[in-house]
Amino acid sequence: MFPYLQEIYQFPYPDYRFMPGGNYSPPYSEGWWLRSNGALESDERYRLPAQQRLTFVLVHGSWADAHFWDGVAAVLHSQGHAVYTPEYAGHGKDPNKDVTHAMITKSVVDFITKLNLRNFVLVGHSFGGTVIQKVAEQVSDRIKRLVFWDAFVLKDGESVANEFSPQMRKGFEQLRAGSKDDTIMLPFPLFRDFFVNTATLEEAKRMYAGITPEPAKPLFEKLDLKAFYALPTPKSYVYFYQDNALPQGEGFGWHPHMSIRLGQSRLIVGDGDHFTDTRTRPAMMAQKFYEAGRD
Amino acid sequence: MFPYLQEIYQFPYPDYRFMPGGNYSPPYSEGWWLRSNGALESDERYRLPAQQRLTFVLVHGSWADAHFWDGVAAVLHSQGHAVYTPEYAGHGKDPNKDVTHAMITKSVVDFITKLNLRNFVLVGHSFGGTVIQKVAEQVSDRIKRLVFWDAFVLKDGESVANEFSPQMRKGFEQLRAGSKDDTIMLPFPLFRDFFVNTATLEEAKRMYAGITPEPAKPLFEKLDLKAFYALPTPKSYVYFYQDNALPQGEGFGWHPHMSIRLGQSRLIVGDGDHFTDTRTRPAMMAQKFYEAGRD
Amino acid sequence: MFPYLQEIYQFPYPDYRFMPGGNYSPPYSEGWWLRSNGALESDERYRLPAQQRLTFVLVHGSWADAHFWDGVAAVLHSQGHAVYTPEYAGHGKDPNKDVTHAMITKSVVDFITKLNLRNFVLVGHSFGGTVIQKVAEQVSDRIKRLVFWDAFVLKDGESVANEFSPQMRKGFEQLRAGSKDDTIMLPFPLFRDFFVNTATLEEAKRMYAGITPEPAKPLFEKLDLKAFYALPTPKSYVYFYQDNALPQGEGFGWHPHMSIRLGQSRLIVGDGDHFTDTRTRPAMMAQKFYEAGRD
């Protein structure tokens, strides 16, 4: 019934212990780790002195998989934080694209409970915002803070498509209708202008080469979010002001249109766009997530 | 009838003449000052060549006192500007929290007239915006330019509370109802997310340690501002885009929602939040105030 | 009937070949050029390695002429791009201020067709946005991409004046009524606060010294833009967040209020104002135009 093979997060640099400089700290190291020469060392010197140690669970959005976070995760690791990047149904190596929003949520919830993660900062990007809204309803006692990065914060009863402009919605519906397996593939010109507008053409092509058709159904499912809006969990919103994936204002957009729905929340603003900075400025992104997630 | 003991501004570094480097210029120095060795020197070399010399009167907001400006005032002084930071009724060393908006305004007006200040840039922060609106009505002939920094610009007949979101207003009313002396104390989590969202936890705690309960009444008083809106005084608005103290947009917020009410005004934008940068980046703040206040 | 003497763009540094360092590349050089000593050299080493070579046509706005672009054009040239800055009717050396929007458009269209320019990035600033809207209707097959920099994107049937706030519109109508030749001259205080708000007073005065009364009629002409809104030409919007020439939001402003009308478009954001950065930071501006215009 649920054929998705859950992929336990693989740190993108499986041989990080042998990398020159060796500045990666696995989640279980607690500040000590084994150098490639076998010596046990404190990684204290690799971290910023005042950094609070946090655990991050990063949930990607549409037209992405868990490798979306590779660069940001590496930087956060190097600073002493634990980082998990769960893959979810219909994405990554999952061959089945016929998934529901509930299946996606279940992937992340199962990942968290299986690894028994607690007291973590749960970050959702773009469509991932709707995922962390639903995940939070199920495991709120494990979550330290929710961080929405240019992410959908849906109202109770809304779908992602309800937040598209009429033109975008029409375009996505046409792309969906043209697919054989109920997916939506972003044509390159759309991806280039909306997701990676600040990138060079080379970076844009490199990122585009990694994306695959997105299961359409979850984008059009209306979500019951009554429980979410009753949660007292602390929340942050990270907004990048060159993000062009949704119209910015006049009744649309990430911030303030959707961020405002969180009520009390911490705002952090940066100058990036929707995708590019995960590749080109992972240290900037890690800093913004840290500012959003710390006590 | 008005028991408030007006505190004449004390420059936060009373021994500035003896500080290493000695780069503070008192308001009365007119470019000359006494070194610790007794020599009278021009401080010309300590100032940026192109800086116009200005006089600033800085009016703080709620949950703050005149020391809020210490860092910014020190930088402006060091650049050759004169700086005054009047304390007002219900704040600082004033033990009486039972104050009205008119008493607060009177404190600032009295300070200005007593020192016979003229041709100054009058800066108001947050609630201080409503104070400079009323002060300007009384001493407009002495004011060179009004500068609102993430400050309320109330419409005629409005109160500060009218600009809160319904949720904020409800929260503040509950906090007010729970106090014994009609004040509102910000709980730390609110202060942390809304006022010092970009600060480290340590900075946030340090700043929180300095705040005291805010007299509630002036926040709910409706102000007659007909005279203000007839003033031809030049105006500027300084907006920091990580300021999260009010919702930003959708009918709320500093800019453009309230800044637009100034009509012709000069806009200056920075990347700070509501409180933090006065502590961590006073030179940036001094530069923004200078850009807002110069001819 | 159309007495405007079209001024073929003169590169602002006619003796660029003899400048020290000689780092200007004329449009026709195709990567090779003659040094002052007569040697033919590749200018490859003067360009950023990853820069795509583009052709820019820059269309200025009101209270400006083609020299508005001198600094930006010089930087773009030095990076290997071809740059053209057409003058248009009623501006520059044209003594006739009695012009229509159609005459202005014709100036730019004639410039483009006379030089047989193709595959260029057409940039419009401020009022120039309305010009490139109309130019694009006539020569869309020659245009690679339209770039609006804090520029009007009028709806079909609108005039520029329709996008002013009531207060601005009233002010401009008074200034127009007070002129003898149906022009509008910006008083310095308006220019200083709205166009060069981040400049020093010296820079502001220097820029003000170069401006002349603007023909009023084209600002109040309603434009038929049905053909524009049917064009598939790629589009970008460059927005500077300290730009204060129009109110920013609440139903007014460059972005998102007018940028949103472009539908799919690439957003690039910077921290400048309406005029200043062309003088003080031409390299920043060139970079933003390149980001907006590249593939």
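What follows is calculated from the coordinates using simple rules that are stated; it is not laboratory data. Predicted model only: the values in this text are computed from it and were never measured. All Cβ positions, glycine included, derive from the backbone under ideal geometry; neighbour counts span all protein chains shown.
Can you pull the mean other chain C-beta count within 10 Å for peptide C:247-260?
The per-residue average across the peptide is 5.
Under 5 Å between amide hydrogens, which residues at least 5 positions from B:T183 or on another chain qualify, with H placed 1.01 Å from N in the peptide plane?
Those lying under 5 Å, H to H, from B:T183 are B:A216.
Within a 10 angstrom radius of each residue's Cβ in C:199-205, how many Cβ atoms of other chains show up on average? Whole number is fine.
3
Which distance in Å, rounded to a whole number, links the C-alpha centroids of the range A:164-181 and the range C:268-284?
37 Å
Using the Karplus equation 6.51 cos²θ - 1.76 cosθ + 1.60 (θ = phi - 60°), what ³J(HN,Hα) coupling, rounded to whole Hz, does each residue of the range B:145-155 give in order, writing x for Gly and Pro?
Listing the rounded values in order: 7, 9, 10, 9, 10, 6, 10, 5, 10, 7, 6 Hz.
Step through the residues of the range C:71-80 one at a time and calculate ³J(HN,Hα) from phi using the Karplus curve (6.51 cos²θ - 1.76 cosθ + 1.60, θ = phi - 60°), rounding each to whole Hz and writing x for Gly and Pro.
x, 5, 4, 4, 5, 4, 4, 5, 9, x
Take the alpha carbon gyration tensor of the range A:237-287, find the square roots of its eigenvalues, order them as a ≥ b ≥ c, and report rounded if a/c is under 1.5; if not, report prolate when a/b exceeds b/c, else oblate.
Numbers: a/c = 3.27, a/b = 1.45, b/c = 2.26.
Since a/c reaches 1.5 but b/c is at least a/b, the shape of the range A:237-287 is classed as oblate.
Full-extension gain between B:E221 and B:A209, please, as 0.36 nm times their residue separation minus the C-alpha to C-alpha distance. List each step's numbers first, then the result.
Details: separation 12, 0.36 × 12 = 4.32 nm, distance 2.76 nm.
In short, 1.6 nm is gained.
Pairs of alpha-carbon atoms within less than 8 angstrom and 6+ residues apart define the contacts here; what relative contact order does the range A:75-215 have, in percent? Working shown, then result.
On the way: 134 pairs, mean separation 27.4, N = 141.
Relative contact order for the range A:75-215 comes out at 19 percent.
Using a 7 Å offset from the Cα along the Cα-to-Cβ direction at both A:D141 and C:S165, what is the distance between the two label points in nm, to one decimal?
Once both label points are built, they end up 5.3 nm from each other.
What does the net charge come to around A:I268 if you take all other residues with beta carbon closer than 11 Å to its beta carbon, with K and R at +1 and D and E at -1? Don't skip to the answer; put the middle values down first.
Values: positive: A:R266, A:K288, A:R294; negative: A:E291, B:D193, B:D271, B:D273.
Charge balance in the 11 Å sphere: -1.
Is the shape of the range B:165-295 best called rounded, prolate or oblate, per the rule: a/c under 1.5 gives rounded, else a/b larger than b/c gives prolate, else oblate, with a ≥ b ≥ c the square roots of the Cα gyration tensor eigenvalues?
It comes out oblate by the Cα gyration axes.
Could you list which residues have their amide H under 5 Å from that of B:F240, counting only those 5 or more apart in sequence or on another chain, with H placed in the peptide plane?
B:D150, B:G270
At what distance in angstrom do the alpha carbon centres of the range A:77-143 and the range A:200-261 lie from each other?
15 Å
Let me know the shape class of the range A:148-219, please: from the alpha-carbon gyration tensor, a ≥ b ≥ c as square roots of the eigenvalues, rounded when a/c is under 1.5, otherwise prolate if a/b is greater than b/c, or oblate.
Here the range A:148-219 falls in the oblate category.
5 Å is the cut-off here: which amide hydrogens, built 1.01 Å from N in the peptide plane, fall below it relative to C:Y84, excluding neighbours closer than 5 in sequence?
Residues meeting the criterion, in which the H sits 1.01 Å from N, are C:F56, C:V57, C:L58.
Residue by residue through the range C:161-166, what is 3J(HN,Hα) from phi via Karplus (6.51 cos²θ - 1.76 cosθ + 1.60, θ = phi - 60°)? Round to whole Hz and write x for glycine and proline.
So the J values, rounded to whole Hz, are 4, 5, 9, 7, 5, x.
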